Structure formats: C-alpha cells, structure tokens
Amino acid sequence: RDRVISIPPGASVGQVLESVLAEDQSPEAQKRERISFADNGVAVTVQAQWIKTKETSDDNGTRYVCITIIKNEEERTPETIRRYLDQHDIIIKDVLQTQSEQKTVPKMNRPIDENVVHLSAISRKIFVKDFFESTGNAYAPNVSISFPYAGVQVNALSNLLTTADGRQILIDFEDLYGDAITAIRKTGLEVIQIKAQDSLTEILAKLLNGLQISYTIDPTFLAAKRPAHFNTFINIKGFMLAEEGKPKTLLTAVSLPPNLVRFFIERDVKIIMSGRTREVP
C-alpha cells in the first residue's frame, strides 16, 4: 500500500534516501546485516546500511543492491572492488550525503602485472625456486654437501639457500633419509624439509619461518577508506609480510582475479601469488 513519507525542507540527498529506505517495508527491502561468499581462497563480506534484492534479468538468480550513505568522495568503494562484486551479483551503491561535497578522484591506470610476481605450481621444486628468487635470496639446487653420519663422512646432494643476512639453509625435498637431517643439524646447518603432502600454503609457511620473516596469516583488507561498520571485507588465504624497509607484500597460493590484483596494486601492495592472474568469464 502507498505510504506518505515526511521529508524536512532542505533535506540532503542522504536524508531523503534514508527516509525513503527506512520506511520501505516490502519483502525485498527486509534488512540484512551482511552478505558473504567464498571465491577460491578469497572470502568476502559486504556490510551496508540497506541491502535490497532484485531478480536477475533471466529470473534464474538474485542480485543484491547494497546502499550506504558516505560523507565524502574519498569514502567511496573503489571501482575495482565494485566491478569484482558485480561479477558476484552484488551491486554497490555509495551515495554522497550532500552533492556539494562531490569531487573527482583520479583513476589509477597501472598495468595489471605491475608489482605482481607469479610462482609456478608445476612442481614443488620450481615453486620453491621461484619463491626464493622473488624475495631476493640466493638459491642453488643440487649442491654437494658433506656431513658425518654413523661414524663416516657422507656426501649427498641438496639445495642450498643463502639468506640476505648470510645464513645458509638446506632445502630438502625428502631426498635425505634416516637420521641424516638430524646429523646435518648437529653440524649447525639449518634444514627445511618440504614433504610431498605439503600444500602450497604449508610450503610457504615453512619457507617464511625459515627466513624468519614476520607475517600475518590470512590477512583481511577493508575495501573502502571508511569505518568498518558499513564496508567490504576481503580475506585472502595467505600471508601479509611485514619486513622493515620493504614494500607491503601479499604472499598467497591463491590465483587472484584481475580486479582484486588491481585493487592491491592501487594500494601499493606487492603481490606474490601462485599461477597467473585468474581468468574471469
């Protein structure tokens, strides 16, 4: 049924919108706190002041319209995130509280692969080699090593990592048997063992710990530069590296879609990820 909504004289666009949506009691306007979805290692949660539903053009699904009043243009959800969410049937509508506050925000036109390093997942050995090269560490495969074992001097081949601070670490792909690793460690040489059942994420954790790099596990990012209450949360399965004097780096075994890659590039975050940038239908 029709409703009469009282709007004060001189009301701003935001006030008008708030009055209209607050009075809308139709089923498609029922208030939702948030929308969440998972996307191959990426977890997304969208929170807005109002979330309305609408049928898709082919009537085979539902699209969500997420409306939030913002105070200034700087609080607007970036175009890269709006495009990404639109591909998942979520439409972001950020409405300026007053039109007089609107101003143009310069668009970013950086190449998609700028500050992006791709790790090959063809094999564990190539994956590890690519990782060390991307982090600026010297890595030499198939190096001859000698160590005492059971009263004799044993020669073997292994993979030698030399860190930036001069530490040497053996990277073993289960080529050393028995108590050989224990014997090597007794000589003072560190060993990182990569096992066949280790996932790419588990391998990355072992390598980071060996390099003694501080990191945050599965970091979460706010899409817009505004309070968290009405914002989009993007959680990436991987690691956020915290190295003093170096750029922020997101390290992940997830192949990210292009709009998320662009979002991080615009935030001056370097990306090291498995595989190529994900293709989007």
Extension gain from residue 73 to residue 179, taking 0.36 nm per residue of separation minus the Cα-Cα distance: 31.9 nm
Cα-derived Rg to Rh of the range 176-281, Kirkwood definition: 1.09
Within the range 227-276, GluC sites (Glu not before Pro) in DSSP loop having at most 14 other beta-carbon neighbours inside 10 Å: 243, 244
Most to least packed among 66-79, 202-215 [average Cβ atoms within 10 Å]: 66-79, 202-215
Gyration tensor over alpha-carbon atoms, the range 226-279, equivalent ellipsoid semi-axes in Å: 18, 17, 11
30 Å Cα-Cα reach of residue 225 towards lysines, excluding residues that sit fewer than 8 places from it in its own chain: 31, 52, 54, 71, 93, 103, 107, 237, 246, 248, 270
Dimensions in Å of the range 187-240 - Rg and Dmax from alpha carbons: 16.3, 56
Anchor residue 195: lysines whose Cα lies under 18 Å away (excluding residues fewer than 8 positions away in-chain): 125, 129, 206
Theoretical FRET efficiency, 1/(1+(r/R0)^6), r = Cβ-Cβ of residue 276 and residue 86, R0 22 Å, to 0.05: 0.45
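A short reminder: the numbers here are calculations on the coordinates, not readings from a lab. This one's a predicted model, so the numbers in the text were calculated from it and none came from an experiment. Neighbour counts are summed over all protein chains in view; Cβ atoms, including those assigned to glycine, are modelled from backbone coordinates with ideal geometry.
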